[in-house]
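Data first, discussion second: the structure below is written as structure tokens.
The values are calculated or read from the model by the stated rules, or taken from the named source; none is laboratory data. What you see is a predicted model; the values in this text were computed from it and never measured. We place every Cβ from the backbone using ideal geometry, glycine too, and count neighbours over all the protein chains shown.
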Amino acid sequence: MAGYVARVAGPLVSAKGLDKPMMYEVVRVGELKLFGEVIGIQEDSVYIQVYEDTSGVRPGEPVEGTGHLLSVELGPGLIGSIYDGIQRPLDVFEQISGVFLTRGIVANALSREKIWHFVPSLDIGSQVEGGTVLGTVEETPTVLHRIMVPPDVEGELVWIASEGDYTIEETIAKVKNGDEIKELKMYHRWPVRIPRPVKEKLYSDTPMVTGQRVLDTFFPVVKGGSACVPGPFGAGKTVIQHQLSKWSDVDVVVYVGCGERGNEMTEVLIEFPELKDPRTGGPLMERTVLVANTSNMPVAAREASVFTGITIAEYFRDMGYHVALMADSTSRWAEAMREISTRLEEMPGEEGYPAYLASRIAAFYERAGLVRCAGSPERTGSATVIGAVSPPGGDLSDPVVQATLRVVQVFWGLDQQLAFSRHFPSINWLSSYSLYMERVGEFYNRALATDWLQKRNQAMAILQRESELLELVRLVGYDALSPEEQLYLETARSLREDFLQQDAFDEVDSYCSMQKQYLILSAILQVHEIMLELVRKGGDLRQILANPIRERISRLRWQREQDLPPLEVFKGEIAKSFFEEVMPND
Ligand code: ADP
């Protein structure tokens, strides 16, 4: 039995008379059949958040249940797509409805006409389960799409399509379980609010290498980890996100944009498709999925968008890929939650946000992880989640920031002050942290250099010492510092300028390998130690600092990897330079 609209309050509609409504069930509301989702059931009233503009919808209009939970379509065609918060393709949408979104139209997330070349990889008679790879499709030059058995299917493979061209609506496999035979296509649907099943979550100590020195060396995130970055205006958030998308050593990038001002999202929609993948030279969109909410889209779609994004990310993770999901800004997302909660007249928590704000934020970030994927063959994949927050006035005591910091392990503190002084990326090294530091340190100690973590910590200590000394300078003046203290300031300056700063727009400096990061860091520290010893022995600081090797070090970041001196050779040169320059008669 169809229900009817009882009341309309902006994006929230209450309905009565619906037969057996389910929580999170998709419903079609009104004569226009607007998309909505059940978010509350109370006695005979059902509360529905509607993903489209509800103006004109009147009490008494019909409401129909669909029996489905809010889901996304997962299959070939995802990569390169631009979707709204409930996975309606924005470009197709525009073609169907023009600039003004026509309400109630159904646009498939994945093209039904497009032909894909399917290559089977299993034989008839194989036992399959959810996640088992049936075959592959070359979706883009960079992404080999693994066609998997949907999570809720298992049994014996009784038929599989031969290699050839198919649309996603054609059957490519049949699986028999008891008397039932299921026909599988190249796509399936999955409810966005339910994490996709995995065999197990794994402990991850493998860093996601971003090529950004301040992140990789000082505040690393692991594959499958989670990080939060605040985004004060003009602090370089866009640039850092582009850098992460371009350079992170992941296979697929999912970008979820929740814009505040209309043009904010338009920028993303224009900029992203223009980005080049530095590894292939092709468009970055060949391994990217965009989910975009502009401010003129209803809040409910914004609320759903991060779940749409993470579900798509999990899907590629399940293929055995490393995926990075970026959500910007989760504050806008939380505001959508607040607006809906207010309309539901729920008891407000802090700052008017719903009491479940923290658990909803946790539900999102907890879907990050490195996993043993379901099905065969045995493989691992990861989804790394990076959420931007934009608290009003940059206030970090904001409930969204606080709830986020409780669940994420890494905080990259973008700092407006640093941006003003043109220190980029403007990540504040004193306020940022990574709870993965120890494990990543052990990883690099094994993989790169036994003293990697020790060097990183030593550099950090020098930067901290700098901030204490600068405090002192403010009080008593620079000249009151001892030569040793002055040397610390010099080394800290070198760390800031030759290591922490990185020019995203320079062809070479834009990306820095871990080897190169270690080379620069070691060189700065080696010079520091030698100079410290010389100063302690009574050497003249100005003369010591005049050593041209310091100038060499400052040029390292601009040098191509292949032109860099080998670490051991360079170490020798550094030692020699001091021996010859400063102690000619020693
Ligand atoms: P936001 O998105 O936070 O408003 P942007 O990311 O657009 O800020 O950065 C503002 C400006 O700062 C950029 O146009 C650029 O000039 C400069 N900038 C930011 N990060 C870098 C970087 N890593 N290297 C060089 N310049 C940068």
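Looking at this structure, is Gly387 within 30 Å of Glu468 (Cβ to Cβ) and within 16 Å of the ligand (Cβ to nearest atom)?
Values: within 30 Å of Glu468 (Cβ to Cβ): no; within 16 Å of the ligand (Cβ to nearest atom): yes.
In short, no.
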In the stretch 395-437, what count of residues is obtained for those that are part of a helix (DSSP H, G or I), more than 15 Å from the ligand (Cβ to nearest atom) and surrounded by fewer than 18 Cβ atoms within 10 Å (Cβ to Cβ)?
3
Taking the stretch 353-394 and keeping residues part of a loop (DSSP other than H, G, I, E, B), of a type in the set (Ser, Thr, Tyr) and over 17 Å from Ala227 (Cα atoms) leaves Tyr353, Tyr356, Ser376
Per-region count, the stretch 200-224, residues more than 12 Å from the ligand (Cβ to nearest atom) and over 13 Å from Met326 (Cβ atoms):
17
Test each condition in (1) within 20 Å of the chain's Cα centre (by Cα); (2) of a type in the set (Gly, Ala, Ser); (3) modelled with pLDDT of 95 or more for Gly413 and report the one that comes out false.
(3)
Would a scan of the stretch 542-560 turn up a residue that is under 18 Å from Glu490 (Cα atoms) and in contact with a Pro (Cβ under 8 Å, 6 or more places away or on another chain)?
no
So, in the stretch 326-347, exactly how many residues are in contact with a Lys or Arg (Cβ under 8 Å, 6 or more places away or on another chain) and part of a strand (DSSP E or B)?
1
Thr380 is checked against (1) of a type outside the set (Asp, Glu); (2) surrounded by 18 or more Cβ atoms within 10 Å (Cβ to Cβ); (3) in contact with a Ser or Thr (Cβ under 9 Å, 6 or more places away or on another chain) and fails just one. What number does that condition carry?
(3)
Any residue in the stretch 479-507 that's over 18 Å from Lys537 (Cα atoms) and assigned by TED's automatic domain parsing to the domain that holds Glu561: show its pairings with residues that are among the polar types (S, T, N, Q) and more than 16 Å from the ligand (Cβ to nearest atom) at Cβ separation under 8 Å, as long as the two are six or more apart or on different chains.
Ser494/Ser554; Glu497/Ser554; Asp498/Ser554
For Ser432: the one exception among (1) touching a strand residue (DSSP E or B) at 6+ places or on another chain (Cβ under 9 Å); (2) of a type in the set (Gly, Ala, Ser); (3) under 30 Å from Glu568 (Cα atoms)
(3)
In the stretch 235-289, how many residues are within 16 Å of the ligand (Cβ to nearest atom) and charged (D, E, K, R)?
8
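The rows are residues; the columns are (1) among the aliphatic types (A, V, I, L, M); (2) modelled with pLDDT of 95 or more; (3) in a strand (DSSP E or B).
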{"position": "Pro76", "(1), (2), (3)": "no, yes, no"}
{"position": "Gln95", "(1), (2), (3)": "no, no, no"}
{"position": "Leu134", "(1), (2), (3)": "yes, yes, yes"}
{"position": "Pro141", "(1), (2), (3)": "no, no, no"}
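Yes or no, residue by residue, for (1) surrounded by 14 or more Cβ atoms within 10 Å (Cβ to Cβ); (2) of a type outside the set (Asp, Glu):
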site	(1), (2)
Leu525	yes, yes
Val535	yes, yes
Glu551	no, no
Asp563	no, no
Lys571	yes, yes
Phe579	no, yes
What number of residues within the stretch 287-319 satisfy the criterion of being acidic (Asp, Glu) and within 27 Å of Val133 (Cα to Cα)?
2
When (1) at pLDDT 90 or above; (2) assigned to a helix (DSSP H, G or I) are applied to Leu290, the one that fails is (2)
Return the residue satisfying two criteria in turn: it lies in the stretch 249-270 and is hydrophobic (A, V, I, L, M, F, W, C) and in a helix (DSSP H, G or I), and of such residues it is modelled with the highest pLDDT.
Ile270
Selected residue (criterion: nearest to the ligand (Cβ to nearest atom)) from residues of the stretch 225-234 that are closer than 12 Å to Met326 by Cβ and within 13 Å of the chain's Cα centre (by Cα):
Val229
Members of the stretch 490-519 found to be touching a helix residue (DSSP H, G or I) at 6+ places or on another chain (Cβ under 6 Å) and within 14 Å of the ligand (Cβ to nearest atom), listed by number
Phe499, Leu500, Gln502, Ala504, Tyr511, Cys512
In the set Val57, Val72, Val63, the lone residue that is more than 24 Å from Asp328 (Cα to Cα), at pLDDT 85 or above and either part of a loop (DSSP other than H, G, I, E, B) or touching a Ser or Thr at 6+ places or on another chain (Cβ under 8 Å) (or both) is Val57
When (1) away from the ligand (no atom under 16 Å from the Cβ); (2) under 27 Å from Met514 (Cβ atoms); (3) surrounded by fewer than 24 Cβ atoms within 10 Å (Cβ to Cβ); (4) over 12 Å from the mean Cα position of the chain (by Cα) are applied to His322, the one that fails is (4)
Tell me yes or no: at least one residue of the stretch 439-459 is polar (S, T, N, Q) and surrounded by 19 or more Cβ atoms within 10 Å (Cβ to Cβ).
no
Subset of the stretch 34-91 (residues that are among the hydroxyl-bearing types (Ser, Thr, Tyr) and either free of Cβ contacts under 8 Å to residues at least 12 places away in the same chain or buried (at least 20 other Cβ atoms within 10 Å of the Cβ) (or both))
Tyr47, Tyr51, Thr54, Ser55, Ser71, Ser81, Tyr83
